[in-house]
Every structure is written in structure tokens, then in C-alpha cells.
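What follows is a short report on a single structure.
The values are calculated or read from the model by the stated rules, or taken from the named source; none is laboratory data. Here the structure is a predicted model, which means the values were calculated and not measured. Counting neighbours? That spans all protein chains shown, and the Cβs are built from the backbone with ideal geometry, glycine included. These area figures cover heavy atoms from the full protein model, side chains too; ligands, DNA and RNA do not enter into them. Shrake-Rupley method; radii C 1.70, N 1.55, O 1.52, S 1.80 Å.
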Amino acid sequence: MIDSPEKQVVTSQLGKLPKLDSVLRMSEVQAAEAGSSAYQNDDETMIINMGPSHPSTHGVLRLMLELKGEMVLRSKPIMGYLHTGMEKTGEELTYLQGATNVTRMDYASPLFNELAFSLAVEKLVGMEIPERATWIRMLMCELNRISSHLLFMATNGMDLGAVSMMIYGWREREQVLRFFQKVTGLRMNHNYIRPGGVAADLPPGWEEDVNSLMEMLPPRLEEYDTLMTNQPIWRERLQGVGFLSKEEALALSITGPLLRSAGVAWDLRSTMPYLAYDQVDFDVLVGSYGDCFDRYSIRLNEIRESMKIVKQIVEKMPEGDYRVQDKKITPPPRARIDESMEALIHHFKIFTEGYKVPAGEVYVAVESPRGELGCYIVSDGSSKPYRMHIRGPSFVNLQVLPHMLANSQIADAVAILSSVDPILGEVDR
Amino acid sequence: MSDSIPEVEDVEIEIHGSNSEVLFGCPVSYSMGQTVIHPSRSHWLQVATNLLNDGYNMCVDLTAVDYLSNDTRELPEGIVLERFEVVASFVSHERAERLRARVQISGSDPTIDSLYEIYPGTDFLEREVYDMFGITFEGHPDLSRILMPEEWQGHPLRKDFDVGAIPVQFKYPQGEKYD
């Protein structure tokens with residue numbers, strides 16, 4: 001029944017993880033016992049906790065570290081402190097409400113969550129969305145990638161002691177969020193990208209706003225170069241720290257800037273294009289050493305690549321409708337409700353009952369600033385998803401931490417954790 | 001009884017005959033243009049090994065679905081529908097291809113082999129499925145709860161696990177009762 005492969009037979013990828021023993025396979029109870037008896041046994045290792053409320057854990061991540069002096073031997077990330085059962089909640093919400101739920105997962109790049117969810121629903125319904133909606137989605141997502149990477153610049157700087165960077169990063173990010181507020185009404189958790197298109201058209205004068213953002217950013221990025229990239233202390237802290245090999249990254253299902261830093265040119269935008277990414281020109285950035293500095297510089301330069309895309313989108317933005325004109329999915333315009341009883345009923349039905357989605361299952365993935373963000377939806381033909389699963393890139397990427405932390409200094413642990421850039425809302429969901 | 005045995009064998013031949021498509025020794029279906037294979041639980045490790053050798057170098061996602069109250073599944077002939085399904089997505093970087101595998105797992109014996117040896121990246125994902133669905137992965141080095149507290153009872157994403165709510169204590173006037 002099973003085909004016998006002709007190629008060289010590989011049965012395990014475990015051999016590709018040289019630091020395999022670095023994962024601390026120990027429950028909290030065992031760790032507590034081991035920690036209390038450490039000195040009695042004259043064992044020189046010690047198990048300590050970092051987090052869950054440590055300023056550099058980017059949320060409520062807790063790391064159990066086994067230390068020998070200043071050296072980290074084994075470690076284990078412990079999460080779940082932010083778990084609110086969003087996948088279970090997703091089963092109770094209609095497809096129309098679903099986007100409000102998923103947008104709260106990766107709160108630093110909410111539009112990508114909405115995009116993955118919307119693309120999955122659209123694929124199940126089998127609907128084609130207007131061209132303008134696709135390009136608006138691309139514009140907003142690239143701006144969101146910029147704001148998310150700016151947040152990384154800020155927190156990465158703060159974690160390593162460049163506290164002024166924190167202020168600069170947040171300052172630039174705020175400018176992008178101000179544009180989001182103008183378009184979607186909210187700074188975060190937009191519920192802007194919905195199945196069928198986007199919630200509203202771009203406001204008049206959006207080109208000027210985007211262009212002024214694009215003019216504002218390059219000199220600021222050069223300031224970052226002066227402040228960090230070219231600074232000897234910054235390089236000392238990052239270069240050669242947290243090494244990740246290509247084989248390790250692939251075996252551990254790592255995606256996003258982490259995978260690219262290890263030298264794998266894998267970016268879903270260019271390798272498996274969605275939306276209209278095949279119509280814009282940009283480069284996939286690849287690192288050569290797989291250390292923290294590569295991950296930093298990849299993210300910094302991805303801001304520049306995203307700006308390149310945004311400029312092309314502003315030029316190519318097509319005219320037309322911003323959402324699909326399918327009465328089953330799109331609510332009537334607000335003005336029609338005041339004059340038409342049918343429109344009112346229509347509006348009421350869509351928002352109370354939702355729309356039915358044909359039975360089936362689908363997996364859709366997009367490239368979020370942290371890696372492959374997947375959405376797996378199973379529909380049973382009703383107006384609510386039977387199962388809604390989000391493959392959070394941060395969640396999977398955290399598996400790499402014990403391997404990168406092994407045999408590093410505890411001071412470098414902060415730099416390594418920061419370079420993974422996890423968002424705990426997405427890890428715990 | 002003796003008459004029924006050849007009939008069963010006939011069915012076996014039909015499944016793997018030329019009528020139904022076979023990939024990696026498993027029946028194939030297509031869902032919204034995406035390729036889905038349906039390995040049996042006993043062949044799961046072997047199929048995953050073959051996938052790895054065929055160039056599917058990453059298992060990007062692994063999750064499960066509880067089909068307790070969903071009878072709309074349309075699977076290739078010969079697949080016995082069970083309560084749980086483990087769903088894994090593989091990607092081949094060389095060919096830029098995706099492949100999804102759906103494995104049927106019975107509700108009475110929710111166990112399956114762990115992919116940890118072949119795809120170590122499924123470590124957290126399998127722990128999450130264990131936590132949320134109570135499906136045991138044999139061979140996983142550290143199968144423990146990952147999102148819920150260690151002492152939690154039950155598996156929240158099962159369909160017979162109610163959406164959590166704290167009951168509100170109402171006070172009624174004496175003698176009156178509302179339904």
C-alpha cells in the first residue's frame with residue numbers, strides 16, 4: 001500500500017537539532033522540587049523563572065531556565081497566561097462577527113489576522129472580491145507590517161538598553177496607526193478587512209497621507225542606522241548571538257524573518273503569492289549567519305521593502321468597488337436603511353443571522369510580520385464556523401527558544417527572546 | 001459468514017483500484033482546489049516519512065477537529081468516519097506546494113503516533129491538540145498541557161465541552177419562580 005521512495009531515505013529530522021537536549025522536559029512541580037533540592041545535592045545548576053511579568057518577555061511569557069552560573073543550559077517556554085479560548089469563541093460567532101475575534105490575536109498586526117480569516121471564508125464561499133478591495137488590503141497590510149516591525153525596533157532597542165529607541169520606534173509607529181485610525185476608525189483591532197472586501201473605502205486624500213508617511217520614514221530609518229546598526233555596542237550585543245541554522249529552522253517549522261535569517265528565501269508573498277503580490281516588485285531578504293543581528297537587519301530592511309510595495313500600490317490603486325456587491329454577504333448602505341423597509345430587514349437579517357457558508361474545509365496562509373499565519377476553517381453549512389483554527393507564527397516560532405538559548409549567557413537570553421519577536425496574544429489565543 | 005468475507009475483500013480492491021486517486025498510498029480528495037490525503041491511523045508515521053522524503057520539508061500546522069455534531073463530511077470511499085480528525089499541513093519549499101492530511105481517530109481510543117521524530121516542529125502543536133482535544137500522541141517526549149492550567153479537567157475544544165460561563169445567582173421574590 002505504501003510507496004517505497006527512491007530518494008535517500010530520511011526517517012527523522014531530530015539529527016538536525018544538535019542542541020536537542022536543550023529543551024527542559026520538566027513540569028512545574030518537578031522544577032520546583034529540583035530547584036529546592038539543588039543546593040542540598042551540591043548540584044551546581046539552578047532552575048529559575050523569567051517572567052511571566054518580566055519587562056522583556058513581550059507580554060506574559062514565562063521561561064524556565066536551568067542555569068549554571070551565568071550560563072543557560074536548558075530552558076522551557078511556558079505559556080497560556082493569556083489564553084482566553086478564542087478558537088472556541090470563534091465557533092460561537094457568525095462569519096460576520098468572526099473578524100472581530102481573530103483581530104485580537106496578534107494585536108501588533110491585527111490586519112493580517114483579519115486577512116487570513118477573510119480569505120479562508122471567501123474561499124469557502126467561492127467569491128471573487130473586487131480588484132480595489134484586494135489592493136486596499138495589500139496597502140493596509142504592508143503599512144501594518146511597517147508598524148509591526150517599528151514596534152519590534154522599539155522593543156528590541158529597549159530590551160538591549162537602547163531605551164531612546166523605544167521612544168523613537170513608538171513615535172513612528174504612532175504615525176502609521178494615525179493613518180489606520182483615519183481609514184478604519186480604530187488604531188488597533190480594526191475589523192476592517194471582512195469577508196467580501198473591506199469595511200469602508202479609503203478616505204479622500206489618502207494618497208497624501210500615505211506619501212507623507214513614506215517621506216517621513218526614510219530619514220528616521222537612517223537615524224536608526226546611526227543609533228543602532230553602525231554602533232559598536234549594538235553589534236557586540238547582537239552579532240554571533242542566538243545562532244540558528246537552516247536545518248534547525250526547517251525542522252522546527254520556523255517561518256518568517258527567523259527562517260529568512262537562517263538563509264532560507266521563503267516568503268509567502270513571493271513564493272506562493274496571494275492577493276496581488278505577483279503584480280508588485282520587491283525583494284525577499286535573507287540573512288547569512290542566522291544570528292540576532294541578521295534578524296534585526298532583516299526586519300529593518302523589510303520596512304524599506306514594504307515601503308517600496310506601498311509606493312507601487314499608491315500608483316497602481318485601481319478604481320471600483322471596495323466590497324463585493326453580493327446581497328447575501330454585503331449589508332445594504334447605511335443611507336438606504338432610512339428610506340427602505342426591505343433594506344432595514346436585509347440589514348437586520350445579515351447582522352442577526354449572518355450568512356450561510358457551504359460545508360467544507362479550507363486552509364489559507366498569509367505572510368504576517370512574524371511568519372506564516374494560517375487559518376483553517378471547517379464549515380458545516382451553517383452561519384457559524386464549525387471549527388476555526390489559527391496557526392499562529394509566534395506560537396510555533398517559540399519552539400526555537402530552548403535551542404537558541406542553550407549555552408548562552410543569561411544576558412543574551414533577553415536579546416534572543418527579543419529577536420524572536422513573539423506576540424503573546426497570538427501564542428495563547 | 002463465510003460468504004461475507006470475499007465481499008469485504010472486493011471493497012478493499014475497489015478503494016485502491018484505478019477509480020480512486022491515490023497519493024502516498026492514501027486516498028486523495030480535493031477541497032477548494034487544495035490537495036488532501038487521507039492516511040489511516042496505522043500508516044500515519046510511514047506516510048509522514050514518505051512525505052518528508054518526497055520534499056515536503058516542513059509540517060507547518062497540526063490541529064484537530066471534533067466532528068461530534070457535524071455530518072456533512074464528504075470523504076473518498078472507504079474512509080471510515082470517526083469522531084476526531086487530526087489535520088496536518090505540509091509544505092514543500094522546493095516546489096512551493098501544500099498538502100493537507102486528515103487522519104480519522106476514533107472517539108473511544110483517541111491516540112495517534114507522534115510526528116515529533118520526523119517533524120520536530122510539531123512539538124507544541126501536538127501538545128496543543130492534546131490539551132484541547134485529549135488526543136494522545138504516542139512517542140511525544142513531553143505530552144503535557146500547554147495552554148490550559150496543568151490541573152484543568154476536560155478538553156475545551158471538544159464539542160461536548162460547554163462554552164464556559166459562571167452561573168449568575170438570581171434572587172426571586174418568595175413563592176415566585178421564573179422559567
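Any chance you could look up the accessible area of B:Trp152 with a 1.4 Å probe, heavy atoms only, rounded to 10 Å²?
Answer for B:Trp152: close to 100 Å² accessible.
For a test of the definition: using alpha carbon positions, the gyration tensor, and the 1.5 limit on a/c, classify region A:71-209 as rounded, prolate or oblate.
oblate
Using modelled amide H (1.01 Å from N, peptide plane; none on Pro or chain starts), what sits under 5 Å from the amide H of B:Ser31, excluding residues fewer than 5 places away?
Excluding prolines and chain starts, which carry no amide H, the hits are B:Val36.
Here are some pairs, A:Lys182/A:Lys327; A:Lys311/A:Lys349; A:Lys88/A:Lys328; A:Lys182/B:Lys159; A:Lys123/A:Lys316; A:Lys327/B:Lys159; which of them have Cα atoms lying more than 29 Å apart in this structure?
A:Lys311/A:Lys349; A:Lys182/B:Lys159; A:Lys327/B:Lys159
Tell me, what % of the accessible area of region A:49-147 is carbon and sulfur with a 1.4 angstrom probe?
So the carbon and sulfur contribution to the accessible surface is 53 percent.
Go through A:Glu223, B:Glu74, B:Glu85 and list them by solvent-accessible area, largest first, probe radius 1.4 Å.
I get B:Glu74, A:Glu223, B:Glu85, largest accessible area first.
How much solvent-accessible surface does B:Ser40 expose, in Å² to the nearest 10, with a 1.4 Å probe and all protein chains in place?
Probe radius 1.4 Å; accessible area of B:Ser40 about 50 Å².
Over the Cα atoms of region A:367-420, what Rg and Dmax result, in angstrom?
16.8, 54
So what is the relative contact order for region A:375-425, in percent, with contacts set as C-alpha pairs under 8 Å and at least six apart?
In percent, rounded to a whole number, it is 29.
Cα gyration tensor of region A:105-177, axes a ≥ b ≥ c as square roots of the eigenvalues: rounded (a/c below 1.5), prolate (a/b > b/c) or oblate?
Judged from the Cα gyration tensor, region A:105-177 comes out prolate (a/c at least 1.5, a/b above b/c).
Tell me, what is the per residue accessible area of region A:39-154 in Å², probe radius 1.4 Å?
With the other protein chains kept in place, region A:39-154 gives 33 Å² per residue.
Determine the shielding of peptide B:113-125 by partner chains: average, over its residues, the number of Cβ atoms on other chains within 10 angstrom of each Cβ.
So the per-residue partner count for this stretch is 6.
Give the ranking of A:Arg336, A:Arg370 by solvent-accessible surface, highest area first, calculated with a 1.4 Å probe.
Descending order: A:Arg336, A:Arg370.
Along the charge dipole of the protein assembly as shown, Cβ charges K/R +1 and D/E -1, which of B:Gln153, A:Asn397, B:Gly121 sits furthest on the positive end?
The residue sitting farthest along the positive end of the dipole is A:Asn397.
With a point put 7 Å past each Cα toward its Cβ, work out how far A:Asn49 is from A:Thr84 in nm, to one decimal.
In this crude label model, A:Asn49 to A:Thr84 measures out at 2.3 nm.
If I ignore ligands, DNA and RNA and count only protein heavy atoms, how much of A:Asp291 is accessible to a 1.4 Å probe, in Å² to the nearest 10?
Per-residue accessible area (A:Asp291): approximately 10 Å².
Residues with amide H under 5 Å of A:Ser368's amide H, sequence separation 5 or more or different chain, H placed in the peptide plane at 1.01 Å from N; which?
Result for A:Ser368 returns A:Leu373.
Choose one of A:Met71, A:Thr184, A:Asn49: the residue whose Cα lies farthest towards the positive end of the charge dipole of chain A (beta-carbon charges +1 Lys, Arg; -1 Asp, Glu; about the Cα centre).
Farthest towards the positive end: A:Thr184.
What is the sum of charges around B:Val65, taking Lys and Arg as +1, Asp and Glu as -1, for the other residues whose C-beta is under 9 Å from the C-beta of B:Val65?
Spelling it out: positives minus negatives among the neighbours equals -1.
With all distinct Cα pairs included, what does the Kirkwood hydrodynamic radius of chain A come out to in Å, to one decimal, could you say?
23.1 Å
At a cut-off of 40 Å², which residues of region A:79-99 become less accessible once all protein chains are present than in their chain alone, using a 1.4 Å probe?
Buried on complex formation: A:Met79, A:His83, A:Lys88.
Taking amide H positions as placed in the peptide plane 1.01 Å from N, state which residues far from A:Leu63 in sequence (5 or more) or on other chains have amide H under 5 Å from it.
Hits under the 5 Å cutoff: A:Met50, A:Gly51, A:Ile78.
Under a Cβ-only charge scheme (Lys and Arg +1, Asp and Glu -1), can you give me the dipole magnitude of chain A about the Cα centre, in debye to the nearest 20?
Using Cβ point charges on Lys, Arg, Asp and Glu, chain A gives about 540 debye.
Considering every Cα-Cα pair within region A:299-429, what fraction, in whole percent, is farther apart than 27 Å?
Of all Cα-Cα pairs in region A:299-429, 52 percent lie more than 27 Å apart.
Rounded to the nearest 100 Å², what is the sum over both chains of accessible area buried where B meets A, with a probe of 1.4 Å?
5400 Å²
What residue among A:Ala200, B:Phe133, A:Val357 has its Cα farthest toward the positive end of the dipole of the protein assembly as shown, where the charges are +1 on Lys, Arg and -1 on Asp, Glu, each on the Cβ?
Value: A:Ala200.
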